[in-house]
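A.B. asks: Pasting a structure below so you can have a look.
The values are calculated or read from the model by the stated rules, or taken from the named source; none is laboratory data. What you are looking at is a predicted structure, and each value in this text was computed from that prediction instead of being measured. Neighbour counts run over all protein chains shown; Cβ positions are idealised from the backbone, glycine included. Surface accessibility is based on the protein's heavy atoms, side chains included, excluding ligands, DNA and RNA. Shrake-Rupley method; radii C 1.70, N 1.55, O 1.52, S 1.80 Å.
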Amino acid sequence: MVMRYLLADALSLFGNAVAAVALPWLVLVRTGDAAAAGAIAAAAALPMLLAAVVGGWVVDRFGRRRISVAADLLSAASIAALPLVDAWTGLTLAWFIALGVAGALFDVPGMTAREALGPDVAAAAKVPLERLSGLREGVDGVVLMVGPAIAGGLLALLDPVLVLWVTAGCSALAALVTATLPSGVGAAAGDRVRLAEMGAGLTVLRKDRMLGALTLLTVGAVCVIAPLQGILLPVHLVAEQAPAVLGLVITALALGGLVGAGVYATVGTRWARRPTFTGALLVMSVGVVGMALLPPAPLLLLASVLVGLGSAPMSAMLTVVVAERIPELLRGRVMGVQNAAVLTAAPAGLLGAGLLVAGSGLRPTGILVAGLWLLVVAAALLAPALRTFDRLEVAADGADDR
């Protein structure tokens, strides 16, 4: 069961990784407009946020396994529609926007459903959630490392329209694999989840100080990491005429994450949580500051390894802590709100960094990013709500309002 869950997660993520490379390429080839990809992303932003919040309620109401299957099938259909429309009338910017919005509406609830399904799979398979979370982090790291490279190779051999069939096929296979999980795993809560309770996820985050603090930590981290990887490093390496180093940085991040996730999956259940959190955060911080200062390539690669080495076990451990504290009937809605916050943080960070690079220059922006990261780390280490990560069992009906 664990292997099927991990396989479905890997297939879905691999399809998204291929699409992230192939879609912008196809947009540029078909429209000839370099700004078109940005317009599509902007048009999908608001529907994506709504899908994250509303999708959490849908996941709780109709079941994590069922929504995961449905979301992957609908995502496959939205991607498959692109080559079909291209053969029928030809793809225009309007078609890209319409199908991009459709994909966003399906992808985000699917992501929430799969995350919420993890604790159910671990419980049913009698596997510690720490081990499952560590394995998932490791598998995702490998997929994110090889996915873009494979996509680039496919684009060199095939028309980008044909490459999209790979994405559609991966999403469909992910749905098929998830459907083979026992029907009782991630079952629907049904009528116990009422429409009026759609905002319950935000209420939980507000009342549970640890969950709220962890959500803010994640948002702060994304606001720093997204511009670091999406703007600072590409601009720096292009200026240094070393674009190949960017691929090596991604590989170094993935390798560090693979090692960190593997160690946590093996021995994570035996580690005390607060020291694990502190140690992983400090290791990651050395790497983030090192990357933000834009050093020569060897030091940049070493810093990238440290970021992956620290972030993977920390992310896996926080997944376990969050799953323990969320009431059973509210898991989808809480994770939906968290995903909405992260989806907002990434473009906000990218926009801010882009403006700073244009106005102040690359290296001053890098120093500011490093400083912001240290503020995030200091807040996380000093926050009273994060002084302990003791295990907490919550009521299945969510009655504990802490």
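A.B. asks: Only one of these conditions is not met by ALA41: (1) over 18 Å from ASN339 (Cβ atoms); (2) assigned to a helix (DSSP H, G or I); (3) not β-branched (Val, Ile, Thr). Which number is it?
C.D. replies: Failed condition: (1).
A.B. asks: Answer with yes or no whether ALA303 is among the small types (Gly, Ala, Ser) and modelled with pLDDT under 90.
C.D. replies: no
A.B. asks: When you go through ARG402, ARG333 one by one, which is the residue that is of a type in the set (Lys, Arg), at pLDDT below 85 and closer than 30 Å to SER68 by Cβ?
C.D. replies: On inspection, the qualifying residue turns out to be ARG402.
A.B. asks: Which residue out of ARG325, ARG387, ARG333 is open to solvent by 70 Å² or more (accessible area, probe 1.4 Å) and either out of contact with any strand residue (DSSP E or B) (no Cβ under 8 Å at 6 or more places or on another chain) or free of Cβ contacts under 8 Å to residues at least 40 places away in the same chain (or both)?
C.D. replies: ARG387
A.B. asks: Go through the stretch 141-181 residue by residue and tally those that are over 24 Å from ALA87 (Cβ atoms), open to solvent by 10 Å² or more (accessible area, probe 1.4 Å) and either in contact with a Phe, Trp or Tyr (Cβ under 7 Å, 6 or more places away or on another chain) or modelled with pLDDT of 90 or more (or both).
C.D. replies: The qualifying residues number 5.
A.B. asks: For the stretch 274-290, state whether one or more residues are modelled with pLDDT of 85 or more, surrounded by 22 or more Cβ atoms within 10 Å (Cβ to Cβ) and touching an Asp or Glu at 6+ places or on another chain (Cβ under 9 Å).
C.D. replies: No, the stretch 274-290 contains no residue that is modelled with pLDDT of 85 or more, surrounded by 22 or more Cβ atoms within 10 Å (Cβ to Cβ) and touching an Asp or Glu at 6+ places or on another chain (Cβ under 9 Å).
A.B. asks: Can I ask one more? In the stretch 91-118, how many are more than 17 Å from the chain's Cα centre (by Cα) and either in a helix (DSSP H, G or I) or surrounded by fewer than 18 Cβ atoms within 10 Å (Cβ to Cβ) (or both)?
C.D. replies: Of the residues in that region, 11 qualify.
A.B. asks: Just to be sure I understand the filter: pairs with C-beta atoms under 8 Å, separated by 6 or more residues or on different chains, first member in the stretch 152-163 and closer than 14 Å to GLY90 by Cα, second member part of a helix (DSSP H, G or I) and charged (D, E, K, R). Which pairs pass?
C.D. replies: VAL161/ASP86
A.B. asks: Looking at the structure I just gave you, is ALA242 out of contact with any Asp or Glu (no Cβ under 8 Å at 6 or more places or on another chain), in a loop (DSSP other than H, G, I, E, B) and not polar (S, T, N, Q)?
C.D. replies: It is true that ALA242 is out of contact with any Asp or Glu (no Cβ under 8 Å at 6 or more places or on another chain), in a loop (DSSP other than H, G, I, E, B) and not polar (S, T, N, Q).
A.B. asks: Looking only at the stretch 119-150, count every residue that is among the basic types (Lys, Arg), assigned to a helix (DSSP H, G or I) and over 14 Å from LEU11 (Cα atoms) and tell me the total.
C.D. replies: 1
A.B. asks: On the given criteria, is LEU176 in a helix (DSSP H, G or I) and within 29 Å of VAL259 (Cβ to Cβ)?
C.D. replies: Judged against the criteria, LEU176 is not a match.
A.B. asks: Another question, then. Output the residues belonging to the stretch 33-65 that are of a type in the set (Gly, Ala, Ser) and open to solvent by 60 Å² or more (accessible area, probe 1.4 Å).
C.D. replies: ALA34, ALA35, ALA41, ALA42
A.B. asks: Can you find a residue in the stretch 268-276 that is of a type in the set (A, V, I, L, M, F, W, C) and over 20 Å from THR319 (Cβ atoms)?
C.D. replies: no
A.B. asks: Let me ask you something else. State whether one or more residues within the stretch 300-307 are free of Cβ contacts under 8 Å to residues at least 24 places away in the same chain and open to solvent by less than 20 Å² (accessible area, probe 1.4 Å).
C.D. replies: Yes, the conditions are met somewhere in the stretch 300-307.
A.B. asks: Looking at LEU248, LEU228, LEU232, LEU255, which one is over 15 Å from VAL307 (Cα atoms), touching a residue at least 12 places away in the same chain (Cβ under 8 Å) and either open to solvent by 20 Å² or more (accessible area, probe 1.4 Å) or in a helix (DSSP H, G or I) (or both)?
C.D. replies: Result of the check over LEU248, LEU228, LEU232, LEU255: LEU232.
A.B. asks: Let me ask something additional. Just checking, which of GLY310, GLY371 is at pLDDT 90 or above, of a type outside the set (A, V, I, L, M, F, W, C) and within 17 Å of the chain's Cα centre (by Cα)?
C.D. replies: Every option except GLY310 fails the conditions.
One line per residue, one yes/no per condition, for (1) without any contact (Cβ under 8 Å) to a residue 12 or more places away in the chain; (2) closer than 27 Å to GLU137 by Cα:
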position	(1), (2)
VAL59	no, yes
ARG65	no, yes
PRO83	no, no
GLY90	no, no
ALA94	yes, no
ALA102	no, no
MET111	no, yes
PRO119	no, yes
ALA123	yes, yes
